[in-house]
Amino acid sequence: MRSIQRQRAGRALRQLAHTLVTTNVSEAILRTAADDLAELANRLEVRLAQSPHESERRSHWNETHPFTGLGSPLAPPLTLLEHRGGHSIVVGAYSPAYEGIPGRVHGGFVAAGFDVAMAWAAHSAGYAGVTGTLTTRFVKPVPLLAPVRYTATMERVQRRKVFLTAVLTSGPECLARAEGVWITPRRYSA
C-alpha cells in the first residue's frame, strides 16, 4: 500500500536537502532550522522498523527504496521511463544535493544510477538479484541539473549470473559506461 503522505514528506525532504546545500542564510536561521528538524525527527521516531520493507503492506521499490522510493529523502531525482524485455531507460537531472566537485555530480551517485537502471533491465526479463559486480567507466564529468539518461541492456544469462551493460548520456554526449553482473538468489523470483 502506498502512502501519499510518505511520498509528500520524501519530496519535501529532498527539496530541503537541495536547499540546505545551496542556501547562504545566517547561522542563526540554520540553528533554528536544525532545532526544528531535530524536534520533527524525534516526533517521527515513535517506532522504527528493523528494515524499511519490514511491513508487507509497503512496496519497497515504489515507497522506501533508497534510490527509487518516492518516500525516500535519499532518492536521486531519477524516473523509470521504460523497462521491458531486458532493457530499461531511467531519466532525470541531479540537483546540487548530489554534487561532488563543484558543478558536477558525485561519481557514487552516477554509479548508483547505473545500479538502478541495470536492476530494472534484469527485472524486466524476469531476473532479480543482488549486484555481484558493477564496473563504471567515467568518460566525462556529469554536470549538475543537466538532463541525463541511463540506458541498460541485459546481455546474457549464465546460470544464476545476469550480465548487463549500460550507458549514461546527456543529449548526444556519452558521460559514462558500465558493466555489471547480477546474482540471482536460489530462492527468489522476480
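Taken together, the values in this text are just the output of simple stated rules run on the coordinates, not laboratory data. Since this is a predicted model, take the numbers as computed values, not measurements. Neighbour counts run over all protein chains shown; Cβ positions are idealised from the backbone, glycine included.
Here is how the numbers come out for the structure above:
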{"quantity": "On Cα atoms only, tilt of 27-44 relative to the major axis of the chain in degrees", "calculated": "70 degrees"}
{"quantity": "Computed label-point distance, nm, for sites Val25 and Gln7 using a 7 Å Cα→Cβ extension", "calculated": "2.8 nm"}
{"quantity": "Reciprocal of mean inverse Cα separation for region 66-190 (Kirkwood radius, Å)", "calculated": "14.5 Å"}
{"quantity": "FRET efficiency, 1/(1 + (r/R0)^6) with R0 22 Å, evaluated for Glu173 and Thr131 via beta carbons", "calculated": "0.25"}
{"quantity": "Exposed GluC sites (Glu not before Pro) absent: longest stretch of the chain, with sites in DSSP loops and at most 14 other Cβ within 10 Å deemed exposed", "calculated": "57-190"}
{"quantity": "Stretchable slack from Leu44 to Ile101, in nm (0.36 nm times residue separation minus alpha-carbon distance)", "calculated": "17.2 nm"}
